[in-house]
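Values in this text are rule-based calculations from the coordinates and carry no lab data. The structure presented is a predicted model; accordingly, all values stated were derived computationally and were not measured. Because the Cβ atoms are built from the backbone with ideal geometry, glycine has one as well, and the counts that use them run over all protein chains shown.
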Amino acid sequence: MALPGKGLIDGLKVTAKTLSRRAVTEQYPDVQPELPPRSRGVIALLEENCTSCMLCARECPSWCIYIDSHTETAPSVGEQARERSRNVLDRFAIDFSLCMYCGICIEACPFDALFWSPEFEYAETDIRNLTHEKDRLRDWMWTVPAPQPIDPGPSVIEAPAVEGPAAGAAPSDGAPRAGEGPESGGGE
């Protein structure tokens, strides 16, 4: 049977432990915080990679990405070649007053046009100014850190070199090989 008030005593123990600790307060405007690498601050746009495919806008759960584009026809290169059309980006805007910073748009972009920037100082006095157009999103691209190197995974362990007559023999791990064992009729 539980003692009455045990939860209160446990809570007071935690309070007593934390009471003696010094407060960890960042003096933010005067001292810049140390952000972890690849932190999520704001979404940056690499306009050259954007093909106006609209995948980011369609996948966004808060519908905060606005894209306008038009189609241009490229002239044919040869006599038998047909004309090609390509989308040209006219407007790309993100309304950060609606954005949840979930990163689905960045994951959905197949052309690596959207990136996380660690920049977080973009406060505005008017909420209507939180809709940032492609020029402002492009300015944040220079703050995007370089990608981390790909993890090669577990290192390959090489078998030690075997000298002598056993060098040509296969290693014996005790497991039956193809054609051996009681089912195949091989062996004894």
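Based on the mean of other Cβ atoms within 10 Å per residue, sort peptides 39-52, 18-31, 64-77 so the most packed one is first.
Details: 39-52: 17.7, 18-31: 7.0, 64-77: 12.4.
In decreasing order of mean packing, 39-52, 18-31, 64-77 become 39-52, 64-77, 18-31.
Less than 12 Å Cβ to Cβ from Glu124, Lys/Arg counted +1 and Asp/Glu -1: what total charge do the surrounding residues give? Once all neighbours under 12 Å are counted, the net charge is -1. For region 14-58 and region 67-126, write down the distance between their C-alpha centroids in whole Å. What the calculation gives is 23 Å, centre to centre.
Taking only Cα atoms of region 109-156, what ratio of Rg to Rh do you get with Rh as the Kirkwood inverse-distance radius?
Values: Rg = 16.1 Å, Rh = 13.7 Å.
Reported Rg/Rh, Kirkwood definition of Rh: 1.17.
Only the Cβ atoms of Lys and Arg (+1) and of Asp and Glu (-1) were treated as charged; on that basis the dipole of region 33-143 about its Cα centre amounts to roughly 280 debye.
The packing ranking, built from the mean of other Cβ atoms within 10 Å per residue, places the peptides 3-16, 108-121 in the order 108-121, 3-16, highest first.
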